[in-house]
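Enquirer: Shown below is the structure under consideration.
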Amino acid sequence: MSDNTKIYSEKSTSKLLFKFAVPAIISLLVSELYNMVDTIFVGRVIGGTGIGALTVAFPIQRLMIAVGLMIAVGAYTSVARSLGEKDYDSIKSTIINSVVIIILLMTILPFVIFIFKNSIIKNLGASRNIFPYARDYISIIIFGGLFQCLTVVFCYIMTALGDTKITLKATSLGAILNIIIDYILVIILSFGIKGAAVATLASQIISFIYAYYKFKDIILRFNIKMKLKFNFNIAGSIVAVGFSTFIIEVSDAIVIFILNNVLLIYTGEEAVIIFGIITKISMFLFITVIGISSAMQPIAAYNYGQENYDKVKEVVTKTIKWVTISSVIMWLVNFIFAPNILGIFMRDKELLWDTVRYFRIVISVFPCVGVYFVAIYYYQAMGEAKSSFVLSIYRQIIIFIPVLLIMMPLAKGIMGASLSYPISDLISAVTGIYYINKALRGEEGLITQEL
């Protein structure tokens, strides 16, 4: 096998964690940047209506990348665990099945979205003014889903096998190209929202070509012969382990869908624009938290496969430490410089200051919620699909949506929506602490079951 796998022998847990965390963070950053960069250019050229259209399109983009991450994370964890066990046949089977699954899913999903796009866009909360822009954008970007998801799957598998730089290279290439092509098509050639969509599609295709070129080494190393058939047991295991990641990602889409419709009922189109910006920026805050937490997965899974349970405990505690530190730093930067950050997207000064006020409320307890994500990814790394699934739907689906529906009429519209976030984050943080303590004490039988 490749010398890349020697990365797991790194003595410093913190150094090892960051070797995996940096590419994971960059990968998540780029996934968010595709819509974010489009929002910046479209917001400056078209204005609030363009921002509203991209806000409506965001759940669809999130759904597609959620499917990719589900398969990528499932394969990532399985490959790392099999590597620790030196079970190379399982690695080969996991690679074949993950690629076949993502091709099937991302061929069917964009086709269904395209056929029903008009009704989907209306149900996502598009007003009459926003609808045509959202339709133009979505009709193009859905065809990039397959390329983006294959890139993610390729990169995650290569990362689990020790090549921690591949994600950095492939995703950075896509991000840089997206900015350049956006500028050319939207600013110079005035192609508007269609130009932004084409820029996203083109950059995703080029990023995929690069990732596939590198992935061919894996195909040769394991003597893989790709066939459009799969083992249901292996496929089921990949989906089960990655499903909580899918829920984390898609729950944002569900929340935005409900939030857009509730805001339209209680306030109006301006509120949708305000929260479109707030949710985009607040999601950036979670990139570091999720990146570090997910970096724990292959390390914990590998050492679990090696039966090195002390190392598993150590990586969990180090992950909590670094997630907390990074959360505090990100929170301070965004809280203090909120007017500057939000001002990138908005020209209307009055609207900007309203957005700043609500944004600061939304992120007010952000440093507390990191431990919740550590709990999700820890249980996922151990292959505990049931516990990781319950945790993954907890914050957004079980807590936030009911709190939102209660707070909106009580706290007058936008303020009610804003207050729903810190309430949900505090409850989720307490739950995350409970689950982590339970695992570290061995009550779940995960770490200490064989000590």
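Enquirer: Would it be correct to say that residue 49 is surrounded by 24 or more Cβ atoms within 10 Å (Cβ to Cβ), at pLDDT 75 or above and either farther than 22 Å from residue 166 by Cα or among the β-branched types (Val, Ile, Thr) (or both)?
Expert: no
Enquirer: Further, regarding this structure: Quick check on region 65-75. Is at least one of its residues touching a Leu at 6+ places or on another chain (Cβ under 7 Å), modelled with pLDDT of 80 or more and closer than 26 Å to residue 301 by Cβ?
Expert: yes
Enquirer: Search region 339-361 for residues that are loosely packed, with under 15 Cβ neighbours inside 10 Å and pair each with any residue that is among the β-branched types (Val, Ile, Thr) and modelled with pLDDT under 90 when their beta-carbon atoms are under 8 Å apart and the residues are at least 6 apart or on different chains.
Expert: As it stands, the answer is 344/40, since those pairs meet every condition given.
Enquirer: Then there's this: Please find, among 350, 314, the residue that is farther than 25 Å from residue 408 by Cα and among the acidic types (Asp, Glu).
Expert: Result of the check over 350, 314: 314.
Enquirer: Just to check your reading of the model, which residue among 277, 258 is in a helix (DSSP H, G or I), β-branched (Val, Ile, Thr), in contact with a helix residue (DSSP H, G or I) (Cβ under 7 Å, 6 or more places away or on another chain) and within 16 Å of residue 32 (Cβ to Cβ)?
Expert: 277
Enquirer: Residue 77 is checked against (1) crowded, with 22+ Cβ neighbours inside 10 Å; (2) among the hydroxyl-bearing types (Ser, Thr, Tyr); (3) more than 30 Å from residue 233 (Cβ to Cβ) and fails just one. What number does that condition carry?
Expert: (3)
Enquirer: Then there's this: For residue 330, indicate whether it is under 30 Å from residue 265 (Cα atoms), part of a helix (DSSP H, G or I) and modelled with pLDDT of 85 or more.
Expert: So residue 330 does not fit the description; no.
Enquirer: Further question: Test residue 420 against the stated conditions and say whether it is modelled with pLDDT under 90, surrounded by 17 or more Cβ atoms within 10 Å (Cβ to Cβ) and within 22 Å of the chain's Cα centre (by Cα).
Expert: no
Enquirer: Continuing with the same structure: Report every pair of residues separated by at least 6 positions or lying on different chains whose Cβ atoms are under 6 Å apart, first residue within region 295-320 and touching a residue at least 40 places away in the same chain (Cβ under 8 Å) and over 13 Å from residue 380 (Cβ atoms), second of a type in the set (Lys, Arg) and outside any loop (DSSP other than H, G, I, E, B).
Expert: The qualifying pairs are 303/311; 305/81.
Enquirer: Within the bounds of region 103-124, is there any residue that is among the hydroxyl-bearing types (Ser, Thr, Tyr) and under 25 Å from residue 42 (Cα atoms)?
Expert: Yes: region 103-124 contains one or more residues that are among the hydroxyl-bearing types (Ser, Thr, Tyr) and under 25 Å from residue 42 (Cα atoms).
Enquirer: Shifting gears a bit: Kindly evaluate residue 405 against the criterion of being closer than 30 Å to residue 300 by Cβ, in contact (Cβ under 8 Å) with a residue 12 or more places away in the chain, in a helix (DSSP H, G or I) and over 20 Å from the mean Cα position of the chain (by Cα).
Expert: Against the criterion (closer than 30 Å to residue 300 by Cβ, in contact (Cβ under 8 Å) with a residue 12 or more places away in the chain, in a helix (DSSP H, G or I) and over 20 Å from the mean Cα position of the chain (by Cα)), residue 405 does not qualify.
Enquirer: A further question follows. Can you find a residue in region 120-138 that is β-branched (Val, Ile, Thr) and surrounded by fewer than 17 Cβ atoms within 10 Å (Cβ to Cβ)?
Expert: Looking for residues that are β-branched (Val, Ile, Thr) and surrounded by fewer than 17 Cβ atoms within 10 Å (Cβ to Cβ), one finds none in region 120-138, hence no.
Enquirer: Right, something else. Which condition does residue 129 not pass, out of (1) farther than 26 Å from residue 25 by Cα; (2) in a helix (DSSP H, G or I); (3) not small (Gly, Ala, Ser), if it passes all the others?
Expert: Every condition holds for residue 129 apart from (2).
Enquirer: Considering each of 96, 108 in turn, give the residue that is farther than 25 Å from residue 293 by Cα, free of Cβ contacts under 8 Å to residues at least 60 places away in the same chain and of a type in the set (Val, Ile, Thr).
Expert: None of the other options fit; the residue is 108.
Enquirer: In region 333-347, how many are modelled with pLDDT under 90, part of a helix (DSSP H, G or I) and of a type outside the set (Val, Ile, Thr)?
Expert: 2
One line per residue, one yes/no per condition, for (1) basic (Lys, Arg); (2) under 20 Å from residue 58 (Cα atoms); (3) buried (at least 24 other Cβ atoms within 10 Å of the Cβ); (4) in contact with a Leu (Cβ under 7 Å, 6 or more places away or on another chain):
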{"residue": "141", "(1), (2), (3), (4)": "no, yes, yes, yes"}
{"residue": "156", "(1), (2), (3), (4)": "no, no, yes, no"}
{"residue": "162", "(1), (2), (3), (4)": "no, no, no, no"}
{"residue": "167", "(1), (2), (3), (4)": "no, no, yes, no"}
{"residue": "197", "(1), (2), (3), (4)": "no, yes, yes, no"}
{"residue": "200", "(1), (2), (3), (4)": "no, yes, yes, no"}
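Enquirer: Consider residue 258 against the criteria (1) closer than 26 Å to residue 16 by Cβ; (2) at pLDDT 85 or above: it satisfies all of them except one. Which criterion is unmet?
Expert: (1)
The values are calculated or read from the model by the stated rules, or taken from the named source; none is laboratory data. Because the structure is a prediction, the values reported are computed rather than measured. As a convention, Cβ positions derive from the backbone with ideal geometry for all residues, glycine included, and neighbour counts pool all protein chains shown.
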